[in-house]
Amino acid sequence: MKAIEFTGVSFRYEEEGPFVIEKLNFSVEEGEFVAVLGHNGSGKSTLARLANGLLVPDEGAISVFGTPLTEKTLFEARRNVGVVFQNPDNQTVATIVEDDVAFGAENVGLKREEIGERIEFALRAVGMEAYRGATVARLSGGQKQRVAIAGVLALKPRAIVLDESTAMLDPRGRREIVDVVTRLNKEEGITVVLITHFMEEALLADRAVVMNRGEIVMQGKPEEIFARQEELVTYNLALPRIGVICNRLRAAGMPVSNTLSAEQLAEEIAKCV
Amino acid sequence: MRIVAEHLSYVYNAKSPFATAALRDVSLTIEEGEFFGIIGHTGSGKSTFVQHLNGLLRLPSSLKRRKKRPKCKKGELPPPETVLRVGEFDLTEKKTDFRALRKSVGMVFQYPEYQLFAETVRDDVAFGLKNFSAEKPSEEQIDGAVKAALEVVGLDYEEMKDKSPFELSGGQKRRVAIAGVIVTRPEVLVLDEPAAGLDPLGKKEVMELLHRLHREWCKTIVIVSHDMDEISENCTQAAVFSEGRVVCVLPPKELFRRADELTALGLDVPLTAKLVSALARRGVEVDCDFTTEDFVQNVLALWQAHGGKGGGA
């Protein structure tokens, strides 16, 4: 089944304004891990907001786990597709970790015991069970973001969309989030759409999608996408530093591949010298 | 302006159950003209340190009317005296003109675009200038200064001045926010994670902007960064903070030779350093300053020495 399906979707923020997303066809299979790349303003975040009905398309149709997204099915869709945003400080509503995680579950009117169990499950899933009673404001960025993910998980979504959720974190926080998300995907079978600027994160996905001006311009296995470096540059995506090094060496005639692994590149260089 | 800190300590929520020592006996000198990098984990004290540089955080001695001599027991040495100087300014003194200090030490926080507030780009950039000038500047002076500041950050004054800062793109907003700080012509510019949250191209542009400012506008640049590649490509000198202490201060060229120590502190190393150590494990020694350019040149030189092009050896 398709977890998220866009058919001919167009969207603009202002009437008469330019389309941010135009005639977009895009789908994510259930259980898939998809990374979405693109420069600022390419339409990535709009895509995330359309996927759970925060924005309504001007044209085309969106369906979530087989159900067309309409006003009637909106809340069901939001329960199925949770979105985690960029700034951890903008996503907390309560002062205590468990209250914050419970917020969404309380809002959909679950029973008290059920909520308790879900908090338990969600905090364990993100490795924050020891912080149940902690003050959210005193957590690190990575921890706050894990609490935000737990809040989404408490609704037992079948898919999670992370809209640059690692952009404001330090390397350690970023690793925490990526680990949690990868585990949720592999172990819980939750569909993941990871919108990111970090090429290394995209490498973990089953499929990478590159957006430019509201259109999907490239997609495929992450390694294949990164091998097409000249093309990436035309979409205003700067290459990761390793890509720059590979390119420079190859331009000078050295037989190295377009790898993104430092070990692999070292191996290949070692063979040449 | 030379920045000198000696035996600098700082405790948040002192005398409360939440007391946390953020800086412990930090001694660090930043010479004039440096493009200085400050590295460390979240919570290592780097932001606390830089907030001292323009008096956002003040030493207790600079807040009290009279300096108290530190008490010490008989036979014990008194604790070493804290020194904190930025150029002529002695930040341990209450008499110090902190307003003049803040004019000479510009501070750009993380995500500075969140601090934009005025109705037009011109008013936003002019705000700091009006606040920090000893005499009220004339409209012509303001226009001139705003124009120069916008132009050095790569924005067109005529096109931008009447726009709302909120209708700009992310990269433009950040430029406007930086212009609002440098408009007072600070000698030292401190930036906390200047490239965070931008896409790779935006990052590159911000770093190019900082180099331009370093050449044309501010003598000393201090950046706080998590991105080791950013440090190795751009900085002349870098300090590593860990648990409120300065672990070492070295040029990146030497710092990243000690990749193992950095890894032990839980810090990343730049890609070039990873490649250098991966090659060393394979018996290939590459001597480089850890910039992309130098790494590539050195590898190519090695390759040429081994028969190089077409040799396939």
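Rule-based calculations on the coordinates, nothing more; no lab input. Quantities reported herein were computed from a predicted structural model and do not represent experimental measurements. We place every Cβ from the backbone using ideal geometry, glycine too, and count neighbours over all the protein chains shown.
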Nearest 10 degrees, 0 to 90: helix A:112-125 Cα axis against chain A principal axis: 20
Kirkwood Rh in Å, taken over all unlike Cα pairs in the stretch B:209-306: 14.7
Tilt relative to chain A, helix A:262-272 - C-alpha long axis, 0 to 90 degrees, to 10: 10
Relative contact order of chain B, pairs being alpha-carbon contacts under 8 Å that are 6 or more residues apart, as %: 22
Alpha carbon Rg of chain B, scaled by the compact-globule rule 2.2 N^0.38 Å: 1.14
Fewest-first sequence of B:Trp217, B:Trp303 by Cβ atoms within 10 Å of each Cβ: B:Trp217, B:Trp303
Of B:Lys15, B:Lys274, B:Lys74, the one that fluctuates the most in a GNM where chain B has Cα springs shorter than 10 Å: B:Lys74
Stokes-Einstein D (µm²/s) once Rh is taken as the Kirkwood radius of the stretch B:178-258 over alpha-carbon pairs, at 25 °C in 0.890 mPa s: 180
Positive dipole terminus of chain A, leading residue within A:Phe85, A:Ser27, A:Ala238 (C-beta point charges): A:Ala238
Cα→Cβ-extended label distance, 7 Å offset, between A:Glu267 and A:Arg124, nm: 3.8
Global form of the stretch B:270-313, assessed from the alpha-carbon gyration tensor, a/c cut-off 1.5: oblate
Listed residues B:Asn131, B:Asn234, B:Asn13, most fluctuating in chain B (Gaussian network, C-alpha, under 10 Å): B:Asn13
Gaussian network model of chain A, springs between alpha carbon atoms under 10 Å - residue of A:Leu249, A:Leu260, A:Leu204 with greatest fluctuation: A:Leu249
Convex hull volume per residue for the stretch A:73-184, taking Cα atoms only, in Å³: 91
Amide H within-cut-off set for A:Ile190, under 5 Å, with H built and near neighbours excluded: A:Asn185
Note, ³J(HN,Hα) from phi for the stretch A:233-248, Karplus 6.51, -1.76, 1.60, rounded to Hz, x at Gly and Pro: 4, 5, 9, 6, 9, 5, 6, x, 4, 5, x, 4, 5, 4, 4, 5
Under 5 Å, built H, 5+ apart or other chain: amide partners of A:Asn212: A:Val217
Degrees, to the nearest 10: A:97-107 long Cα axis against longest axis of chain A: 70
Per-pair calculated FRET efficiency, R0 = 22 Å: B:Glu187 and B:Ser138 via Cβ, rounded to 0.05: 0.40
For A:Val161, distant residues with modelled amide H under 5 Å away: A:Gly82, A:Val83, A:Val84, A:Val193
Helix-derived mean residue ellipticity, 222 nm - over chain A, DSSP H n ≥ 4, -39500 (n - 2.57), to 500: -11500 deg cm²/dmol
Per-q log10 I(q)/I(0), the stretch A:2-239, q = 0.07, 0.17 Å⁻¹ (Debye; single scatterer per alpha-carbon; no solvent): -0.22, -1.27
Label-point separation, B:Glu81 to B:Ser164 (7 Å along Cα→Cβ), nm: 5.5
Cβ-placed point charges (K, R +1; D, E -1), dipole of chain A about Cα centre in debye, nearest 20: 400
Cα-derived Rg to Rh of the stretch B:74-187, Kirkwood definition: 1.15
Cβ-Cβ FRET estimate between B:Asn13 and A:Val93, R0 fixed at 30 Å, reported to 0.05: 0.75
Rounded Å value of the spacing that divides the Cα centres of the stretch A:132-159 and the stretch A:239-273: 39
Percent antiparallel among DSSP beta bridges (both partners in the protein assembly as shown, rounded to 5): 50
Rg over Rh [alpha-carbon atoms, Kirkwood Rh] for the stretch A:193-273: 0.99
Debye log10 I(q)/I(0) at q = 0.12, 0.15, 0.24 Å⁻¹ for the stretch B:1-96, Cα point scatterers: -0.43, -0.67, -1.44
Distribution of pairwise C-alpha distances over the protein assembly as shown, 20 Å bins, in %: 18, 48, 31, 3, 0
